[in-house]
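Everything on this sheet refers to the single structure shown next.
The values are calculated or read from the model by the stated rules, or taken from the named source; none is laboratory data. From a predicted model like this one, the values you see are computed outputs, not experimental measurements. Cβ coordinates were reconstructed from backbone atoms using ideal geometry, including for glycine residues, and neighbour counts include every protein chain displayed. Quick note on the areas: whole protein, heavy atoms, side chains included, nothing else; ligands and nucleic acids left out. Shrake-Rupley method; radii C 1.70, N 1.55, O 1.52, S 1.80 Å.
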Amino acid sequence: MGANRARLITIWDRAGLAVVVLGSWLLFGAFADGFTSQFNIYSVGRLVSILVVVGLSQMVVLAIGDFNLSVGAIGGVVAMFLGWLIEQWGIPWPLAIPLSVLFGMLLGAVNGLLIVKSRLTGFIVTLGTAGVMSGTMFILTKVEAFRDLPSSFLDFGKTKYFGLFSPLVILMLLLVVGLFYMYKGTTLGRQTLATGANRRAAEISGISTDRIVIISHAISGALAGTAGVMLVLRIGSAIPSIGTAGGGDWLLPSFAVAAIGGTLLTGGVVNVPGALFGGLLLGTIENGLTLLNIPSFWVQLISGLVLLVAVVLDRARAVTVERSRMGVMA
Amino acid sequence: MNGSLKSALRSEAFVLFIVVLLGLTTLSIFTSQFLVVFNIYVLLYNIALAAIVAYAQMVVVATGGLNLALGATGALSGVIMGMLMEWYGMPLPVVIVAGLAAGALMGWINGFLTVKTGINPFIITLATASAYTGTTMAITNANPFYGIYDSVLSWAQARTGIFPWPAVVTIAVALLLGVLFHFMTLGRQILAVGGNRQAAELTGVPVGRVIIRAHTISGFLAAVAGYLTMARVEAATPTIGNDWLLPGFAAIIIGGVLLEGGRVAVVAVIFGVTILELIANALAINRINPFWVTLLQGSLLLIAVILGQMRRASKAVGVRDLRGARLSGETT
């Protein structure tokens, strides 16, 4: 029975999600007017790219069995930081973007450092730092947006390759490939997964788990920051509510994208291409429902249900991976 | 006797009480608008409301879990009550019972899913929060219900001097929680599950049932807070509870509740809430940007957890110090 079930889950891992995504495309293609139009494919691509990167920012801390509640706060702070660098300091945007991402990485590293030093869970530390980060940003910016971004920046955000693809898609794919390589092909990636699977064992075998925790949170911050930058490119201005509106707009999608993609919430197992499909699924649903004139709250309701289904499947998978740790906060 | 007095003076609740006194004194001296009857009334009202939110989180945290859906539960319960009043004109008792039952049901669903799937309550309540908020938006179309009965509004505004009468609800909730955790089997079982789940299971505690009941109480209290908010802002708005997460956790952590479960502090949490509300009040009367509140709440939460961690490292703390000031020496 166990082997059968394991095989079933392996098949689901490989193909199930792709089938669901294809199914959703067929469904919306048939019923939603304009779903297959060139412009819609272009805008779904931009939407999905940001969702995927938000999901990846959560995935890299899930890899070590931790949470990051501040992904939205970091995204918002970095978006405003980018606008500030460009407008206030006149820094050319091709330089301002990497600086902003670096700033996100720094914020993430602070999270990691606090977690390591306090020996607390990421949940409570990032709940606190999220409040501090977005509070500080709201105070400093006086909740005013940066709207006068240079036209070359705006044009770049609106670039279309072959009339279909945004540069955001390419950036997202590069990140997916990079992270995939990191977990499969580098010592850092293997050490990260070992830390997530069993921290004590990893420590005993000579891995500096504290270092891994800090690095993972720094990467998470860099990715959340990247998503913030991407959102500024997409909407053409840096507004303070990016990522944080309603107490964490990005929180649900970040977990949903990672969990749908097959990343274990208990740590030790990531699925980078899975996150791509997770983002595709959520983005397609959101776009399709909008085209069908279905009010946006249904998107929220459905996202919640999709996350529930995904974690139940995740649970089944976790059981077969035979790592039945308690489902309580570690 | 002397020893228990000493440990009482060193206890969490007492230290927090001193902090509150210091804050009150400072504010009274430096801010002329602070020690005014109306301002103290507003302060007490805010404390009463925030305390229920904190308690709603505390009950689940005591089991070693947490409830991210607290705000969403408060909003949906409030909106259901608003709907029953505006659309159906139901009698008030029916409205209240239905709203509170809805909250309890939402909590029960959280607990049931957590127990049956064995999945981290963080994820479960993240997902249900989204579903509850979606339902709230579906009912309201993002528009508040304004048809709140006059009796509700006048009840919410009732006050004697500085005392807001709705605070009676908070006092009742605090007393009931005190009874629950001191004298009732369920309370002891909640702490046992949070303290050491495996040991609790081995000694015959029905762990699953206990967790589900804790979530149900949490949902019920969220609905109570939803009702109070609705009565206060004179509308059932879908945004009720949007900002309950951070202050709720900050208050209970400051109050000395352990995140890993097994310990509650009914009295100390009130002081934790009071500290947060004093800060918010001081900012408000000095017309300081309200976003400082978020920043300070986050900072206080971090400071409180780090202090707690340091204290725990320096002494092996007894886990079940739930009696706040008076009896802590005895239980440790």
Q: In a Gaussian network model over chain B where Cα atoms closer than 10 Å are linked, find which of B:Leu302, B:Leu153, B:Leu202 has the largest mean-square fluctuation.
A: B:Leu202
Q: Count the net charge of all other residues whose Cβ sits under 10 Å from the Cβ of B:Thr117, scoring Lys and Arg as +1 and Asp and Glu as -1.
A: +1
(Q) Under a crude label model (7 Å from the Cα following the beta-carbon direction), how far is B:Glu201 from A:Ala18 in nanometres? (A) 3.8 nm
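Below 13 angstrom from the Cβ of B:Phe271, what's the summed charge of the other residues (Lys, Arg +1; Asp, Glu -1)?
Details: positive: none; negative: B:Glu12, B:Glu277.
Summing Lys and Arg as +1 and Asp and Glu as -1 gives -2.
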**Q.** Dipole axis of region A:34-248 (+1 Lys, Arg; -1 Asp, Glu on Cβ), positive-most option in A:Thr136, A:Ser100, A:Ile219
**A.** A:Ile219
Q: Quickly work out the B:Trp87-to-A:Val309 label distance, labels modelled 7 Å from Cα along the C-beta direction, and quote it in nm with one decimal.
A: 2.7 nm
Q: Would you give the gap between the C-alpha center of region A:201-264 and the C-alpha center of region B:62-83, rounded to a whole Å?
A: 26 Å
Q. Say we join alpha carbon atoms closer than 10 Å with springs in a Gaussian network model of chain A; which of A:Val213, A:Val177, A:Val232 then has the biggest fluctuation?
A. A:Val177
Q) Got a sec? Charge dipole of region A:34-248, +1 on Cβ for Lys and Arg, -1 for Asp and Glu; which of A:Tyr183, A:Thr36, A:Gly206 is way out at the positive end? A) A:Gly206
Q) By the scheme Lys and Arg +1, Asp and Glu -1, what is the net charge of all other residues having a beta-carbon under 14 Å from that of B:Gln157? A) 0
Q: Would you work out the charge dipole size for the protein assembly as shown about its Cα centre, treating the Cβ of every Lys and Arg as +1 and the Cβ of every Asp and Glu as -1, and quote it to the nearest 20 debye?
A: 1660 debye
Q | region B:230-283-region A:15-84 distance, computed between alpha-carbon centres (Å) | A | 33 Å
(Q) How big is the dipole moment of chain B about its Cα centre under a simple scheme where the beta carbon of each Lys and Arg is +1, that of each Asp and Glu is -1, and everything else is neutral? Debye, nearest 20, please. (A) 900 debye
Q.
Tell me the accessible surface of A:Asp33 in square angstrom (1.4 angstrom probe, heavy atoms of protein chains only), to the nearest ten.
A. 140 Å²
Q) Projected onto the charge dipole of the protein assembly as shown (+1 at Lys/Arg Cβ, -1 at Asp/Glu Cβ, origin at the Cα centre), which of B:Asn120, B:Leu21, B:Ser218 gives the Cα projection farthest towards the positive end? A) B:Asn120
**Q.** Karplus-derived 3J(HN,Hα), 6.51/-1.76/1.60, for each residue of region A:78-92, Hz, glycine and proline x
**A.** 5, 4, 5, 4, 4, x, 5, 4, 6, 7, 7, 10, x, 6, x
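Just to be sure I understand the rule: take each whole DSSP H helix in chain B, project its Cα atoms onto its long axis, keep it if the span is 30 Å or more and its mean Kyte-Doolittle hydropathy is at least 0.0. Which ones pass?
On the way: long enough: B:37-61 (36 Å, 1.98); B:92-117 (37 Å, 1.54); B:207-233 (39 Å, 1.12); B:291-314 (35 Å, 1.19).
Going by DSSP H runs, the hits are B:37-61, B:92-117, B:207-233, B:291-314.
Once you mark the GluC sites (Glu not before Pro) that are in a DSSP loop and have at most 16 other Cβ atoms within 10 Å, what is the longest gap between them in chain A? If you can, show how the numbers build up before the last one.
Numbers: sites that count: A:Glu144, A:Glu322.
Longest run free of exposed loop sites: A:145-321.
Assigning unit charges at the beta carbon (Lys, Arg +1; Asp, Glu -1) and nothing else, what dipole magnitude in debye, to the nearest 20, does region A:34-248 show about its Cα centre?
On the way: 13 positive and 7 negative charges, 78 e Å.
It comes to approximately 380 debye.
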Q | Nitroxide proxy distance, nm - points 7 Å out along Cα→Cβ at B:Ile303 and A:Leu140 | A | 2.1 nm
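Show me the trypsin sites (Lys or Arg not before Pro) within region B:223-311 that DSSP assigns to loop and that have at most 10 other Cβ atoms within 10 Å of their Cβ. Numbers along the way, then the final one.
Working: sites: B:Arg232, B:Arg263, B:Arg287, B:Arg311; in loops: B:Arg263, B:Arg287.
Those that pass, being in a loop and sparsely packed, are B:Arg287.
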Q.
Which order do the peptides B:183-196, A:46-59 come out in when sorted by mean C-beta neighbours inside 10 angstrom, highest first?
A. A:46-59, B:183-196
Q: Name the residues whose placed amide hydrogens come within less than 5 Å of the amide hydrogen of B:Arg159, ignoring near sequence neighbours (fewer than 5 apart) on the same chain.
A: B:Trp165
(Q) Pick from A:Ala96, A:Ala259, A:Ala73 the residue whose mean-square fluctuation is largest in a GNM of chain A, springs joining Cα atoms under 10 Å. (A) A:Ala96
